[in-house]
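Worksheet for the structure shown next.
The values are calculated or read from the model by the stated rules, or taken from the named source; none is laboratory data. From a predicted model like this one, the values you see are computed outputs, not experimental measurements. As a convention, Cβ positions derive from the backbone with ideal geometry for all residues, glycine included, and neighbour counts pool all protein chains shown.
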């Protein structure tokens, strides 16, 4: 994926990464994030989607989970990334966006109303610099925005309902991502469950795929890492490469 100075996504002719038939491993979260962001298939979406990772992917490629948690929190506090709550029945993990992509996702909405544009910009700056928690309550929001502006933020996908007068901080592009993410996660689980011994070589998953382009927009490795990091699947080393097995019990 290439970028112009204004942050616009420009599809590359060779946007797909080479087929990977092994589970990568990294010493630091920075390295894992760089690999994962660079591998994100933005142009599988129309319009192209800003790169979004899930924390369980990082768990799958960096051995120390405590280190992953602390490094990600440090990076968010330093303003390098923005973590967002991602609700899914197979994986209650966090989404991760680079701060510049999170900010650009609000510009991508293409709001024509100048007042709405100002509200989205203010919200983005606020959630990147001051309000770094995953959720926010109404009294806190009302210190920054009017009721009408809060309603517009909800309509625009910047806030999603957690409970009464409590919202998850989100991104306008997270809905499109979540639809593709859920479809791919389910497809991978279904593929493994169909096997006699509930296991399949990673190379076989790469060859078979997870269904049509609408089912696997994110690529097979994206979903394998997400499931392995979440613990729904396990990776067993073999002489033929990683064996992806359904976790039981």
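Residue by residue through the range 136-167, note down the ones that are assigned to a strand (DSSP E or B) and crowded, with 16+ Cβ neighbours inside 10 Å.
Hits for the range 136-167 are 136, 159, 160, 162, 167.
Pick out the one residue from 186, 132, 193, 217 that is touching a residue at least 40 places away in the same chain (Cβ under 8 Å), within 30 Å of residue 248 (Cβ to Cβ) and surrounded by fewer than 16 Cβ atoms within 10 Å (Cβ to Cβ).
193 is the lone residue from the list that is touching a residue at least 40 places away in the same chain (Cβ under 8 Å), within 30 Å of residue 248 (Cβ to Cβ) and surrounded by fewer than 16 Cβ atoms within 10 Å (Cβ to Cβ).
Go through (1) under 17 Å from residue 157 (Cα atoms); (2) touching a strand residue (DSSP E or B) at 6+ places or on another chain (Cβ under 7 Å); (3) at pLDDT below 95 for residue 97 and report which single condition fails.
Condition (3) is where residue 97 drops out.
Restricting to the range 19-41, name every residue that is in a helix (DSSP H, G or I) and either buried (at least 16 other Cβ atoms within 10 Å of the Cβ) or touching a helix residue (DSSP H, G or I) at 6+ places or on another chain (Cβ under 8 Å) (or both).
29, 30, 32, 33, 35, 36, 37, 39
What number of residues in the range 57-81 are exposed (fewer than 12 other Cβ atoms within 10 Å of the Cβ) and assigned to a helix (DSSP H, G or I)?
Selection size over the range 57-81: 2.
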